Amino acid sequence: MTKQATFTAGRNIAMKVPPHVYEATVQFYRDVLSLKEITKHAPSVGFDFGSNNLWIDRVPGISHAEIWFEVVTNDIAAASEHLKAAGVVRCDEIEPLPQGFQAFWISSPASIIHLVCKDTESWA
């Protein structure tokens, strides 16, 4: 019997920003809003954002900021099959993932990128 995948919101939100606004964006969250900076994954820059982590990523070649979300699942293979059956677009080429990391990328109908990862693999 195939295990059914469950999905929950992950703790991580990534803001992908063009290089020309990266420093100002980091300064806004750190100095203007005074959010607590997450330093344990340097050189990545993140902030405590309520019950979430907000990661600010410099991305060359984009013209405006994008927001990406994390969704966690209990079963990565079942999640992949469920999403495929629902016609969800998988876009693993969007950004490389670490070797052995149990995750993949999808796009919502509104073109919002989501990292779907095993609940034990979440970036924390």
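The values are calculated or read from the model by the stated rules, or taken from the named source; none is laboratory data. Only a predicted model underlies this, so the values are computations on that prediction, with no experimental measurement involved. So basically every Cβ, Gly included, is an ideal-geometry build from the backbone, and we count neighbours across all protein chains shown.
Quick notes on this one:
- Whichever residue in the range 98-113 is assigned to a strand (DSSP E or B) and not β-branched (Val, Ile, Thr) and, among such residues, is surrounded by the most Cβ atoms within 10 Å (Cβ to Cβ): ALA103
- Within the range 82-97, if we keep just the residues that are closer than 18 Å to PHE7 by Cα and assigned to a helix (DSSP H, G or I), the residue that is nearest to the chain's Cα centre (by Cα) turns out to be LEU83.
- Residues of the range 39-68 classified as of a type in the set (A, V, I, L, M), surrounded by fewer than 18 Cβ atoms within 10 Å (Cβ to Cβ) and in contact with a Phe, Trp or Tyr (Cβ under 9 Å, 6 or more places away or on another chain), total: 1
- Complete set of residues in the range 1-49 that are in contact with a helix residue (DSSP H, G or I) (Cβ under 6 Å, 6 or more places away or on another chain) and among the small types (Gly, Ala, Ser): ALA5
- Any hit, the range 77-89, residues being in the same structural domain as ILE113 (by TED's automatic domain parsing), among the small types (Gly, Ala, Ser), surrounded by 13 or more Cβ atoms within 10 Å (Cβ to Cβ) and farther than 22 Å from ALA110 by Cβ: yes
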